[in-house]
Every structure is written in C-alpha cells, then in structure tokens.
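The values are calculated or read from the model by the stated rules, or taken from the named source; none is laboratory data. Since we're looking at a predicted model, the values are computed, not measured. Quick reminder, even Gly has a Cβ in these numbers, built from the backbone with ideal geometry, and neighbours come from all protein chains shown.
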Amino acid sequence: MAKPTANDARHESARPPRSRLAGISRLAFGGAPIGNLYQSVGDDAASTAIQQAWRQGIRHFDTAPYYGYGLSESRLGSALAALPRDSYTLSTKTGRLIEPANGRIDHADGFVVDGRQAVFDYSRDGILRSVEASLRRLRTEHIDVLLLHDIGALTHGADHPRILRQALDEALPAMADLRSQGICAAIGLGVNEEEVCLQVMPLFDLDVIMLAGRYTLFEQHDSQRVMAQAIERGIAILAAGPYNSGLLSGADRPGATYNYAPADPATQARAQRFYDICAQCNTDVGAAAIQFPLAHPAVASVVCGMRSTEEVSSAVSRLEAQVPAQAWARLREAGLLDGAMSP
C-alpha cells in the first residue's frame, strides 16, 4: 500500500459524500459478536452466519480490528473470500493497532481474546499500519468505508483534546489520502457519542458517521443535533446498535444490558413500556427497533450485531415485518419517540 502524501486537515471533497455510500444494504451485518463479544463463537459458526447473511440479502458487513483483536476481520475475510468482491461492501475501523500480548489471555471490554492486545494509535503511521493489517485480514485490496474508531471524551476522558487534535491533524488526513488513492471509497467516524461528531463535522469533510446506540427506538435525545447536521452536510449515517446492547432484542421482555453494561432499574422500566405498547399492537419490539432508524433521511443502513444463523434470520425477518401505524402512533403518544421521525 502506497503511503499518502501530507494534506491539510480540512480536506475538501470532489464529489457529494453520500454518492460514496451507494450500494450499501439497508440492513448490515455487525461483526463485533463474531469477534467473541461476551461469548466465544466457533470459526464454523461464524462463517455460517456470514454466509447466511449474504444469502438472505445482507450486502454490507461491518467490522473493526478491535473486535476480537483481529478475529472478526479475519473471520469475515475468510468467509467472504469465495464471493465476488463487487457483491458486497465492507466497513472497518482504524485508530487501534493489534499487537502481541506475551501470550496472556485478555478479557478486555467483553472480547474474549488470547495473546493479543489493542493499542490506541491515531498517528498517521498508525493509521497506515492499521489499514494495511486490516486489508490482509479481510483478504481484499480495498475497503468501502473506513471509520476512525472511538475518538471522543467518552473513551479518552481528559486526553480527549489531544486525541481530537491528532485526529484532525494526522488520522483523518491520512484516511482522506487513502480515499483519494482508491484504497477506501468513503471515510468517517465510528463512535458512540454525539459531541465528538459535532466537533469534527465543521472541520473535516466526512462521508459517513457510524453512530452506535444513540439514534435508536429507545433513545434519540443524544443524536438530534448530529442527525440534523448530517442532512445539512450530506453525511450518511450508519445507525448501529439498534437494540441498545441487547435491551430491545428479546421477543417478549427487555434484555439485561444497556450501553454494554447491566441495565439499571429505571432503564429496565422504560424499556418495558416499549414492550407493553408493542404487545398491545401485536408488534415485535425488535422489528420496530430495526425499522425505526431507517425512517430518518440521513440513515443509509442499520448495523445489527449477529453471531449465528438464527440471529441473521431474526434480523432479516424483523426488517421485513409489518409494523402497524398504530404502534408508531402509540409510542409517540406515550412520549417515547422524543419528537423523532417514525415510519
């Protein structure tokens, strides 16, 4: 991979950003679970799930070096290798390097990992090294969407100002040069918080933002400004985490987790209201959760984590299910949609 030349952080695009997102399916395969998020998945089961997703019409696959410390990317690359490269699109992320960890077993942030560690590196060289490694693991010569992963105060705390400066001065310009070389087709952010998006959007030409868990059926308050800005600036949104870390994934009751942590009683009680209203309307909460973000004009795709053929089939069925207008109306009347758009 050729090394890019230096560019100004306020890169200007020659084409409308959303044009680079053409062909991304409305439902995308989220690759964190096949990186052994919270529980181990065998290679064969992961491969079968990926192939099942493609057979059922899912054409976008999302991953990151961080997911299983390279495992998710490697499994995707292996499973997709037999398919025509133009029959699907890929997104991965950059900002962490995967390195040996002296053979120890590391249970970091829910990923069951053996002998590897993830190290933040938003330098220009770190971005290039990360992308080179991702291309090898994914067995491809290009990535459709490249996302800068987990910048923001939520992840970096007091170090956020320094990280943000480095992202603008080094990481994003390197990504823009990779875009100009055709190594990736679109660039953006992959984050879990609104504020850092609002900080970057006026300063850098982004094509896309993957926003996890913030524009969902369960919550929209912490995404209203970024969604409005996305429309104004022509930035496509990939709405990830539609179940809010499993809170709305169950068929008949709320799940036990929210934002990758145990859900507190107040969160559980609010989630139960969604289940009660949907039950009254003979509606699956999970179907409403997957379909809700797609009603917003900024949203190009919903990225749903999947680890098995059952989860793939469930997500596809939920995307295709009929959610009656009465369900949306009752959720709105109950004050649960926070003024957001609904189908």
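Data table
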item: Among residues of region 37-68, those that are touching a residue at least 40 places away in the same chain (Cβ under 8 Å) and within 16 Å of the chain's Cα centre (by Cα), counted; result: 10
item: Among residues of region 198-212, those that are assigned to a loop (DSSP other than H, G, I, E, B) and out of contact with any strand residue (DSSP E or B) (no Cβ under 6 Å at 6 or more places or on another chain), counted; result: 5
item: Test result for Tyr243, among the aromatic types (Phe, Trp, Tyr), crowded, with 16+ Cβ neighbours inside 10 Å, touching a Gly at 6+ places or on another chain (Cβ under 8 Å) and assigned to a loop (DSSP other than H, G, I, E, B); result: yes
item: All positions within region 77-97 that are part of a helix (DSSP H, G or I) and without any contact (Cβ under 8 Å) to a residue 40 or more places away in the chain; result: Ala79, Asp86, Ser87
item: Test: residue in region 110-122 that is closer than 18 Å to Thr48 by Cβ, touching a strand residue (DSSP E or B) at 6+ places or on another chain (Cβ under 6 Å) and either assigned to a loop (DSSP other than H, G, I, E, B) or modelled with pLDDT under 95 (or both); result: no
item: Test: residue in region 295-312 that is without any contact (Cβ under 8 Å) to a residue 24 or more places away in the chain and surrounded by fewer than 18 Cβ atoms within 10 Å (Cβ to Cβ); result: yes
item: The lone exception for Arg26 - which of (1) touching a Gly at 6+ places or on another chain (Cβ under 8 Å); (2) at pLDDT 90 or above; (3) charged (D, E, K, R) it fails; result: (1)
item: Test: Val145 is within 17 Å of Asn36 (Cβ to Cβ) and in a strand (DSSP E or B); result: no
item: Residues satisfying the stated conditions in region 78-96, i.e. in contact with a helix residue (DSSP H, G or I) (Cβ under 7 Å, 6 or more places away or on another chain) and surrounded by fewer than 19 Cβ atoms within 10 Å (Cβ to Cβ); result: Ser78, Leu83
item: Single unsatisfied condition, Asp125 versus (1) more than 20 Å from Val145 (Cβ to Cβ); (2) in contact with a Lys or Arg (Cβ under 8 Å, 6 or more places away or on another chain); result: (2)
item: Restricting region 213-240 to residues that are in a loop (DSSP other than H, G, I, E, B) and in contact (Cβ under 8 Å) with a residue 60 or more places away in the chain, the residue that is nearest to Gln199 (Cα to Cα); result: Ile235
item: Members of region 19-76 found to be among the β-branched types (Val, Ile, Thr) and part of a loop (DSSP other than H, G, I, E, B), listed by number; result: Ile24, Val41, Ile58, Thr63
item: Flag if Ala315 is in contact with a Leu (Cβ under 8 Å, 6 or more places away or on another chain), surrounded by 18 or more Cβ atoms within 10 Å (Cβ to Cβ), within 23 Å of Ile24 (Cβ to Cβ) and without any contact (Cβ under 8 Å) to a residue 40 or more places away in the chain; result: no
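Conditions (1) aromatic (Phe, Trp, Tyr); (2) within 26 Å of Val208 (Cβ to Cβ); (3) assigned to a helix (DSSP H, G or I), marked per residue:
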position: Ala279; (1), (2), (3): no, no, yes
position: Thr283; (1), (2), (3): no, no, no
position: Gly286; (1), (2), (3): no, yes, yes
position: Val302; (1), (2), (3): no, yes, no
position: Arg307; (1), (2), (3): no, yes, no
position: Gln322; (1), (2), (3): no, no, no
position: Gln326; (1), (2), (3): no, no, yes
